[in-house]
Amino acid sequence: MAKSTREYIYGLNPAFEVLRAKRRTVHGAWLNQSSRNKPRMQKLVKLLEQHEVPIEWVEKGRLIQLSKTHEHQGVVLKTSLYPYTPKDELFSHPRLLLLDNIEDPHNVGAVLRSAEIFGFHGVCLPSRGVPEVYPSVVKVSSGATEFMQIARDASANQYARKAAEEGYQIAALDMNGDTTLDVVREAAPEKLLLVIGGEEKS
């Protein structure tokens with residue numbers, strides 16, 4: 001079966017960020033009828049109209065059906081798939097993040113949300129062992145994914161090797177490590193690849 005070329009993004013913040021980033025095609029919007037008069041919904045409607053996105057007002061059940069979750073916040077957008085960046089284009093960023101062996105989409109989204117705040121705008125996702133940028137990842141990231149360049153076309157080792165060749169200092173977070181992030185911060189490397197991974201297994 002051929003992979004779909006469209007997906008359903010849900011949540012208020014993700015919807016705003018998808019529209020502001022202008023990196024995806026938005027084919028349609030389904031909005032909760034009962035939220036029609038709420039200020040943020042009205043603001044979203046104006047933005048959708050500016051982008052000439054068709055709007056359909058529906059009941060909550062339809063939103064759950066489309067998004068397959070109760071966490072839709074009254075908004076579902078039908079969009080093109082996430083626009084990944086080829087890995088070789090990531091290395092224009094002085095701060096890169098590499099996620100390795102993080103299998104929970106919620107954790108991936110949470111890390112990406114924090115990373116974007118701290119200035120990591122380039123992200124290396126291994127082609128195996130880490131979820132794709134699913135709508136659930138976009139939701140937990142509060143839409144931060146839409147303003148990040150994320151590659152998913154190599155292994156963790158290939159990303160690290162490329163970073164070393166490009167002169168990046170590589171630092172990996174380890175709960176049992178004896179070096180603090182303050183040491184890395186004080187060193188102020190011109191180029192840094194920060195590796196985060198290894199979820200605890202019960």
Set Lys and Arg Cβ to +1 and Asp and Glu Cβ to -1, take the dipole of the chain about its Cα centre, and tell me which of Leu48, Thr79, Leu192 lies farthest positive.
Leu48
Here the convex hull volume per residue of the stretch 6-80, taken over Cα atoms and given in Å³, is 72 Å³
Label-point separation (nm) for Gln65 and Arg40, each offset 7 Å from Cα along Cα-to-Cβ?
2.6 nm
What percent of all Cα-Cα pairs in the chain falls in each 10 Å bin, counting up from 0?
8, 33, 30, 18, 9, 1
At 7 Å along Cα-to-Cβ for each site, give me the label-to-label distance between Glu56 and Ser155 in nm.
4.5 nm
Just report the Cα centroid separation between the stretch 124-169 and the stretch 7-78, whole Å.
26 Å
Per the helix-only calculation at 222 nm, which mean residue ellipticity applies to the chain, given -39500 (n - 2.57) for every DSSP H run of n ≥ 4 and division by its residues, nearest 500 deg cm²/dmol?
-9500 deg cm²/dmol
Can you tell me the length gained on complete extension of the stretch Tyr134 to Gln33, counting 0.36 nm per residue apart and subtracting the Cα distance?
33.8 nm
Whole-Hz Karplus ³J(HN,Hα) for the stretch 77-92, in order, using 6.51 cos²θ - 1.76 cosθ + 1.60 and θ = phi - 60°, x for Gly and Pro?
10, 9, 10, 5, 5, 4, x, 5, 10, x, 4, 5, 7, 6, 7, 8
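Here, each number is a calculation from the coordinates, and none is a lab measurement. Source: prediction; values computed, not measured. Note: ideal-geometry Cβ built from the backbone for every residue, glycine included; neighbour counts use all protein chains shown.
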